[in-house]
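Engineer: Here it is, the structure in full.
The values are calculated or read from the model by the stated rules, or taken from the named source; none is laboratory data. Keep in mind that this is a model prediction, so the values were computed, not measured. Please note: Cβ atoms are built from the backbone with ideal geometry, for glycine as well, and neighbour counts cover all protein chains shown.
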Amino acid sequence: MEVINSVSTLKAKVSAFRKDNKQIGLVPTMGALHNGHASLVSRSVKENDVTIVSVFVNPTQFNDKNDLEKYPRTLEADCALLEGIGATLVFAPTVEEIYPEPDTRSFSYAPTDSVMEGAFRPGHFNGVCQIVSKLFMFVEPDKAYFGEKDFQQIAVIKAMVADYRSQNAEWAKRLTICPCPIVRENDGLALSSRNTLLTAAERAIAPNIYKALAESVTFSKSHSVEETKAMAVNAINSVNGLEVQYYEIVNADTLQSVTSWDDAEHIQGCITVFCGATPIRLIDNINYK
Ligand code: AMP
């Protein structure tokens, strides 16, 4: 497995793979890798000849400077994990390599990118689209893998790819976005790089988020959307140290809020919770139907 830092080397490697008719899978990450990331990489290794994993803490998607500064960085351990899974190439560039000048491109896919995380983290999805579109243009992958942990992110990226496709971008026509299920700890907490920032006491209460979501699915069979939403929010807020920022029950395809279980074919609940005094912001989601 090779670790490269420069865009020109990445492009040269990709050209060589293409010449050999290799099918390329891309897994974009911000590093501090865990088994959630590993599941994406394993799937890519299975489904492609070549798997490229990017490890880059993208500054343009952080709306909070403190969050960017404290984001864990563990490149050496990440590379060891990736080598063990069978990744072909790790692309770990510097900020200057990706943004030699400021990226002034603006992406807008409302309402997909304006609700929930889009509303509470202004500019977040614009930054995500900036980095992910650059990676797509550098690598022109056949498949790109994203975790359903970031449920809204997948919808935004799909909208972005559809937009590029409508502008006849060849890379967008080739590309399939592959959503992958959430990997959880045994106690239900969704794996996240940010979990390493939790104190022992915070880590102990964090599983209550998934517990409430899972219980709300059973509850939803005999209650309205509004009652189900209130049940989940109250259960989490009743735990000392947890505070729900938002909980939205939405059409899984359009991300628009639903008011009845009959409003959409697929319905997802998407939550963000502040955990502890710092606080650490944790996201999760669950499928109702
Ligand atoms: P990140 O490094 O947090 O930007 O995540 C990189 C990719 O891994 C994204 O597509 C995430 O959705 C995915 N991911 C992160 N945590 C998990 C998890 N617990 N289960 C599945 N995928 C995940």
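Engineer: Just checking, how many residues over region 240-258 are under 26 Å from the mean Cα position of the chain (by Cα) and in a loop (DSSP other than H, G, I, E, B)?
Structural biologist: 7
Engineer: Only residues that are without any contact (Cβ under 8 Å) to a residue 60 or more places away in the chain and within 22 Å of the chain's Cα centre (by Cα): list them for region 196-232, please.
Structural biologist: Scanning region 196-232 gives Arg203, Pro207, Asn208, Lys211, Ala212.
Engineer: Within region 28-48, which residues are within 13 Å of the ligand (Cβ to nearest atom) and in a loop (DSSP other than H, G, I, E, B)?
Structural biologist: Correct list: Met30, Gly31, Ala32, Leu33, His34.
Engineer: Restricting region 177-194 to residues that are part of a loop (DSSP other than H, G, I, E, B) and within 12 Å of the ligand (Cβ to nearest atom), which is nearest to Arg18 (Cα to Cα)?
Structural biologist: So in region 177-194, the residues part of a loop (DSSP other than H, G, I, E, B) come out as 181-183, 185-189, 191-192.
Next, from what is left, pick out any that are within 12 Å of the ligand (Cβ to nearest atom): 181-183, 185, 188-189, 191-192.
On the way: Pro181: 29, Ile182: 31, Val183: 32, Glu185: 38, Gly188: 41, Leu189: 39, Leu191: 34, Ser192: 33 Å.
Here the residue is Pro181.
Engineer: Do we find that Asn58 is modelled with pLDDT under 95 and under 30 Å from Ile249 (Cα atoms) in this structure?
Structural biologist: No; evaluated as a whole, the condition is false for this residue.
Engineer: Inside region 49-82, can you point out the residues that are within 13 Å of the ligand (Cβ to nearest atom) and under 30 Å from Asn21 (Cβ atoms)?
Structural biologist: Of everything in region 49-82, those that are within 13 Å of the ligand (Cβ to nearest atom) and under 30 Å from Asn21 (Cβ atoms) turn out to be Val53, Ser54, Val55, Phe56, Asp78, Leu81, Leu82.
Engineer: Please determine whether any residue of region 12-27 is out of contact with any helix residue (DSSP H, G or I) (no Cβ under 6 Å at 6 or more places or on another chain), of a type in the set (A, V, I, L, M), part of a helix (DSSP H, G or I) and surrounded by 14 or more Cβ atoms within 10 Å (Cβ to Cβ).
Structural biologist: No: region 12-27 contains no residue that is out of contact with any helix residue (DSSP H, G or I) (no Cβ under 6 Å at 6 or more places or on another chain), of a type in the set (A, V, I, L, M), part of a helix (DSSP H, G or I) and surrounded by 14 or more Cβ atoms within 10 Å (Cβ to Cβ).
Engineer: Are any residues in region 136-158 more than 15 Å from the chain's Cα centre (by Cα) and not aromatic (Phe, Trp, Tyr), and if so, which ones?
Structural biologist: Met137, Val139, Glu140, Pro141, Asp142, Lys143
Engineer: Can you tell me which residues in region 257-279 are of a type in the set (Val, Ile, Thr), at pLDDT 95 or above and farther than 14 Å from Gln152 by Cβ?
Structural biologist: Passing the criteria: Val258, Thr259, Ile267, Val273.
Engineer: Can you list residue pairs whose Cβ atoms sit under 6 Å apart, with the first residue in region 1-20 being charged (D, E, K, R) and the second being modelled with pLDDT under 95? Count only pairs 6 or more apart in sequence or on different chains.
Structural biologist: none
Engineer: Name every residue in region 87-121 that is farther than 23 Å from Val258 by Cα, touching a strand residue (DSSP E or B) at 6+ places or on another chain (Cβ under 8 Å) and not in a loop (DSSP other than H, G, I, E, B), in order of residue number.
Structural biologist: Residues satisfying the conditions are Leu89, Val90, Phe91.
Conditions tested, residue by residue: (1) touching a residue at least 24 places away in the same chain (Cβ under 8 Å); (2) near the ligand (Cβ under 10 Å from one of its atoms); (3) among the basic types (Lys, Arg).
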residue	(1), (2), (3)
Phe146	yes, yes, no
Val156	yes, no, no
Asp163	yes, no, no
Ser166	no, no, no
Leu175	yes, no, no
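Engineer: Can you pull out the residues in region 122-138 that are touching a residue at least 40 places away in the same chain (Cβ under 8 Å), part of a helix (DSSP H, G or I) and more than 11 Å from Pro28 (Cα to Cα)?
Structural biologist: Passing the criteria: His124, Phe125, Asn126, Gly127, Gln130, Phe138.
Engineer: Given the residues Phe146, Phe151, Phe120, Phe125, which is the only one that is closer than 28 Å to Gln245 by Cβ, in contact with a Cys (Cβ under 6 Å, 6 or more places away or on another chain) and among the hydrophobic types (A, V, I, L, M, F, W, C)?
Structural biologist: One residue alone meets the criteria, Phe151.
Engineer: Turning to a different aspect of this structure: Can you confirm whether region 221-230 contains a residue that is more than 16 Å from the ligand (Cβ to nearest atom), in the same structural domain as Lys134 (by TED's automatic domain parsing) and surrounded by 19 or more Cβ atoms within 10 Å (Cβ to Cβ)?
Structural biologist: no
Engineer: Still on this structure, I have one more. Find the residue count for region 160-176, including only residues that are buried (at least 18 other Cβ atoms within 10 Å of the Cβ) and either touching a Phe, Trp or Tyr at 6+ places or on another chain (Cβ under 7 Å) or modelled with pLDDT under 95 (or both).
Structural biologist: 3
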